[in-house]
Amino acid sequence: DELHHSPADEHLKNMCVTCHLGNPKRETGPITNESRGGGCLACHLNYNEADSSLSHLTIDRKNHPDYLKNHPSIDLKVGNNHCFGCHNRSGRISTNYEGWHETLLNPDELPTKHSYRIIDQTRVFTYIQDDVHHKLKMDCIDCHNSYELMGDDTRYAHQEQQVDIACADCHRNKADRTVTYAQLDQESALIAGLRYANIANRVFLTTEKRNKALINTEVRNDTMWMHGKNRDTVYVLRPPNAVCTYGKAHHEVSCNACHSAWAPSCIGCHNAYDENEPGYDMVKNLEKQGSWVEFVGEYNAGLPVLGIRKTASGQEIIPVVPGMVLTIDLASYTKDQHDSLLFKRLFAPAAPHTTAAKGRSCVSCH
């Protein structure tokens, strides 16, 4: 337990860390929308109908030996439901991807003539527009690779830095970065071999950022293809529109800046520590007295604001959302009246996962 007892540490314990994979899975059963953490099981555990019907029997194994007849699978079939439990919060990329935007409605307030979805029994979402890749029935792992999800032996300060893939890795004008099966690293070769047969002669595309093989891609007959990892679907990888790459007018504009149809934003968060509020320590998985409490102003959805991210290699125009429009009442936690309100108005880089084939208009930026 590296977290201690500062206001920030307690905030993490009360609000955040349950999604992290180090949080153990303590209950028998399949991964659902409400699952959090679970280590390897969070992604690789799959139940079939027979497994699920007998899962409750594992509680009393001595008197119900039938549990031995069925066992859930630990496999490579990582579906979107495995991602959803953790990624339907914060940036909400799982709900965004499917086209759902959170509201402040209560379940008993729903109009009858609209498309709504209830998550976690209390959170009400309304449908806006799903990602073009979701329309094509692509899974999260069709894009994201094992090194992003399980690590590449590097400890990154920010989660986004671990992301390796980019739109241009698949949507490019020519297959200029490739490797053969014989050139695959050990991890990629093992996973590719388990997923696909007869790939000894296959040529794979690689990522530009870290030169990792995209094991579900293929270069064949001067055409680039993508194979679905969980289903027998093959997609032609189309090059970007000429306007995206012509000249240098937009060479600093990211693909997401133009092609994100919408992004969620939360306005007016207020955090206060209430010593009488029943709380939960998500590190120790114990109930406790006293907790940070969040109050939300409103949820919005629309074209994302654009910001400039500067790095040592240059600058890039990217989507950003209000990442911290936040007031923390320090005095309510420390009991020191000399501590004042801590106010922050910061924007966070965003990958909305609401890609549209048609980019935003010139007028929306200029």
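Averaging Cα coordinates gives a centre for region 185-231 and one for region 260-290; these two points are 41 Å apart. Once you divide the Cα radius of gyration of region 247-366 by 2.2 N^0.38 Å, the number left is 1.43. The residue among Gln121, Leu76, His20 whose Cα reaches farthest toward the positive pole of the charge dipole of the chain, with charges on the beta-carbon of Lys, Arg, Asp and Glu, is Leu76. Phi angles across region 117-132 convert, under the Karplus curve 6.51 cos²θ - 1.76 cosθ + 1.60 with θ = phi - 60°, into 3J(HN,Hα) values of 9, 10, 10, 6, 6, 10, 8, 9, 10, 10, 7, 10, 6, 8, 5, 4 Hz, Gly and Pro given as x.
Computed over the alpha-carbon pairs of region 63-179, the distance histogram in 10 Å steps reads 10, 30, 29, 20, 10, 1, 0 percent, short to long. Within the same chain, lysines fewer than 8 places from Lys248 are excluded, and of the rest, those with a Cα less than 26 Å from its Cα are Lys174, Lys209, Lys310, Lys358. Residue exposure proxy: Ile215, Ile308, ordered by other Cβ atoms within 10 angstrom of their Cβ from fewest to most, comes out as Ile308, Ile215. Distant-in-sequence amide contacts of Gly307, defined by a placed amide H-H separation under 5 Å and a gap of 5 or more residues or a different chain, comprise Ile318, Val320.
The C-alpha radius of gyration of region 156-229, expressed as a fraction of 2.2 N^0.38 Å, stands at 1.11. Counting each pair of different Cα atoms once, what's the Kirkwood radius of the chain in Å, rounded to one decimal? After inverting the pairwise mean of 1/r, the radius is 23.4 Å.
For region 166-289, the alpha-carbon coordinates run over 67, 43, 26 Å along the three principal axes, in decreasing order.
What does the helix-only formula give at 222 nm for the chain: each DSSP H stretch with n ≥ 4 adding -39500 (n - 2.57), the total divided by the residues, and the result rounded to the nearest 500 deg cm²/dmol?
Working: 13 runs with 74 residues, N = 366.
Roughly -4500 deg cm²/dmol at 222 nm, from the helical runs in the chain.
Taking amide hydrogens as placed 1.01 Å from N in the peptide plane, the amide H of Gly279 sits under 5 Å from those of Lys288, Gln289, Gly290, each at least 5 positions away in sequence or on another chain. Distant-in-sequence amide contacts of Val253, defined by a placed amide H-H separation under 5 Å and a gap of 5 or more residues or a different chain, comprise Ile317.
Placing unit charges on the Cβ atoms only, positive for Lys and Arg and negative for Asp and Glu, gives the chain a dipole magnitude near 1320 debye about its Cα centre. Give the range of the longest stretch in the chain that excludes all chymotrypsin sites (Phe, Trp or Tyr not before Pro) found in loop regions by DSSP and having at most 15 other beta-carbon atoms within 10 Å. Of all site-free stretches, the longest is 1-155.
Neighbour counting of Cβ atoms within 10 Å sorts the residues Asp142, Asp130, Asp176, fewest neighbours leading, into Asp176, Asp130, Asp142. Dipole orientation for the chain: of the candidates Gln159, Gly302, Asn271, Gly302 has the Cα lying most toward the positive pole (charges on Cβ; Lys, Arg +1; Asp, Glu -1).
Segment His366..Thr223, full-extension length gain: 47.9 nm, with 0.36 nm per residue of separation and the alpha-carbon distance subtracted. Candidate cross-link partners of Lys288 among the lysines, defined by an alpha-carbon separation under 24 Å and a same-chain spacing of 8 or more, comprise Lys13, Lys25, Lys335.
Read the figures in this text as sums done on the coordinates, not as results from a lab. Not measured: the values here are computed from a predicted model. Please note: Cβ atoms are built from the backbone with ideal geometry, for glycine as well, and neighbour counts cover all protein chains shown.
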